[in-house]
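Just so it is clear, none of the values below were taken in a lab; they were calculated from the coordinates. Remember, it's a predicted structure, so these values are computed and weren't measured experimentally. As a convention, Cβ positions derive from the backbone with ideal geometry for all residues, glycine included, and neighbour counts pool all protein chains shown.
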Amino acid sequence: MSPLPLRRPLLLTGSPAAGLSSVAGALAAARELCAVVEVADVRAMVRSGAVQPWRPGAGEDQHRLAAVQACLLAASFTAAGVEVVLCDVVRGPVGEVYRTSTAAPFVVALRVPLEVARARAVGGPLTGPELDALHAENAAVRDVDAEVDATADLPAVVAAVEQLWTAAGTAVPTR
């Protein structure tokens with residue numbers, strides 16, 4: 001069996017509870033060699049003085065820093081011949097970090113109505129007015145390469161993203 005072509009990094013974005021992690025995991029499982037970078041996990045590496053990324057000032061700065069670090073990881077994985085899926089609820093100027101990075105990810109927004117996000121978020125860490133505000137803010141973000149309706153079942157959403165990612169082109173590892 002010949003190896004699958006190495007695709008350029010993929011950034012999945014969308015509102016909280018849109019299914020970013022589930023879709024990323026399914027995409028990675030279908031590939032020969034693929035890493036998933038949860039940008040929230042990169043942000044969580046700041047243990048002292050951490051601020052929620054939607055908070056003005058330090059929170060936004062820490063979100064930007066996590067995006068820079070995630071892009072460095074993506075570029076490093078790609079250079080080693082490993083495909084990568086990044087997951088981040090991209091806000092405001094953080095989108096520019098991804099757009100100008102050497103990782104040059106293909107950006108796909110997973111879209112769900114607020115009611116769906118609320119239902120999926122039950123029991124999770126983010127609910128109520130903060131979820132609603134982040135959902136509204138993310139719904140207004142249009143600086144993406146493609147959008148996918150993520151209200152369908154997981155296999156259908158994964159298939160739609162897979163098709164878009166494949167069409168986005170290949171990456172060339174630089175070892």
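Of note:
- Test for residue 140: is it free of Cβ contacts under 8 Å to residues at least 40 places away in the same chain and closer than 23 Å to residue 104 by Cα: yes
- Qualifying helices (runs of 4 or more DSSP H) (wholly inside region 1-91; at least 2 residues being touching a strand residue (DSSP E or B) at 6+ places or on another chain (Cβ under 6 Å), farther than 17 Å from residue 161 by Cα and not polar (S, T, N, Q)): 58-79
- Consider region 105-120 and keep the residues that are among the hydrophobic types (A, V, I, L, M, F, W, C) and crowded, with 19+ Cβ neighbours inside 10 Å. The one that is farthest from residue 143 (Cα to Cα) is 117.
- Looking only at region 160-175, and only at residues there that are among the hydrophobic types (A, V, I, L, M, F, W, C) and either crowded, with 19+ Cβ neighbours inside 10 Å or in contact (Cβ under 8 Å) with a residue 12 or more places away in the chain (or both), the one that is farthest from residue 13 (Cα to Cα): 172
- Exactly one residue among 157, 108, 89, 85 is in contact with a Cys (Cβ under 7 Å, 6 or more places away or on another chain) and either of a type in the set (A, V, I, L, M, F, W, C) or free of Cβ contacts under 8 Å to residues at least 40 places away in the same chain (or both), and that residue is 85.
- Any hit, region 119-131, residues being outside any strand (DSSP E or B), in contact with a Phe, Trp or Tyr (Cβ under 9 Å, 6 or more places away or on another chain) and among the basic types (Lys, Arg): no
- Residue 48 vs. criteria under 21 Å from residue 148 (Cβ atoms) and hydroxyl-bearing (Ser, Thr, Tyr): no
- Just one residue in the set 60, 32, 38 is farther than 21 Å from residue 142 by Cβ, surrounded by fewer than 24 Cβ atoms within 10 Å (Cβ to Cβ) and in contact with a helix residue (DSSP H, G or I) (Cβ under 9 Å, 6 or more places away or on another chain); that residue is 38.
- Some residue of region 136-158 being over 20 Å from residue 39 (Cα atoms), of a type in the set (Asp, Glu) and under 16 Å from the mean Cα position of the chain (by Cα): yes
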